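Accompanying notes for the structure given below.
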Amino acid sequence: MRGPAPPPPSEETADLLVSFDLVTEVFKFVKLPDDLLTDFDGQPGDRLVTFNNQLAIAQDDGDSNLLTLWLLDDKCSWFKREIIIPWTCSSPSARIRHKFIGTGATNELIYAPYSTYNFRSQFHFENQYVIYYDCIRETKTNVSIRDDFAGFSGKIEPYLDYTDSTDLISVGRPM
């Protein structure tokens with residue numbers, strides 16, 4: 001690194017997103033939108049994602065069928081996009097609920113089940129899967145995770161883009 005990071009923008013109380021370019025070794029500071037901060041409470045469904053080749057903050061409160069995306073454009077301006085998810089089974093009486101876990105390479109929104117109630121054990125999973133939702137075509141695709149979850153009692157948390165070794169992560173511009 002070429003010395004200390006530059007100071008953030010002059011607003012002392014500003015909430016910022018900070019990035020560091022590994023190639024140029026430069027920090028960049030982007031102020032978060034005020035409207036986002038009004039509603040932002042750090043829920044498990046709030047994630048930093050890439051959507052339509054743009055950095056985005058996704059907010060999924062888990063209680064409604066609304067996913068809010070705050071997208072960052074090339075000029076470091078934020079704009080809000082709200083997407084209605086028609087199938088999330090988020091009513092209190094639903095046996096299976098789904099939570100937003102990320103985005104796919106072709107802008108699918110990816111959801112996973114996060115609880116099924118069973119009287120013998122609090123959480124019980126027999127089939128684990130993720131759902132890819134294409135919000136342009138309004139289609140969903142269930143993808144099963146092959147394993148035997150019968151009798152498993154506990155928390156299952158699927159993660160996207162897992163890499164065993166940092167040597168497998170590409171850094172810099174593509175050749």
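Residues that are among the β-branched types (Val, Ile, Thr), at pLDDT 85 or above and exposed (fewer than 11 other Cβ atoms within 10 Å of the Cβ) occur in the range 129-136; there is at least one. Condition test on Thr50, is it at pLDDT 90 or above, assigned to a loop (DSSP other than H, G, I, E, B) and more than 21 Å from Tyr114 (Cα to Cα)? No; evaluated as a whole, the condition is false for this residue.
For beta carbons closer than 7 Å, sequence separation of 6+ or different chains, a first residue in the range 54-77 that is among the hydroxyl-bearing types (Ser, Thr, Tyr) and a second that is modelled with pLDDT of 90 or more, the qualifying pairs are Thr68/Lys80; Thr68/Glu82.
Across the range 67-100, what is the total count of residues that are at pLDDT 85 or above, closer than 20 Å to Arg137 by Cβ and not aromatic (Phe, Trp, Tyr)?
8
The values are calculated or read from the model by the stated rules, or taken from the named source; none is laboratory data. All values derive from a computational prediction rather than experimental measurement. Don't worry about glycine lacking a Cβ; one is built from the backbone with ideal geometry, like all the others, and counts go over all protein chains shown.
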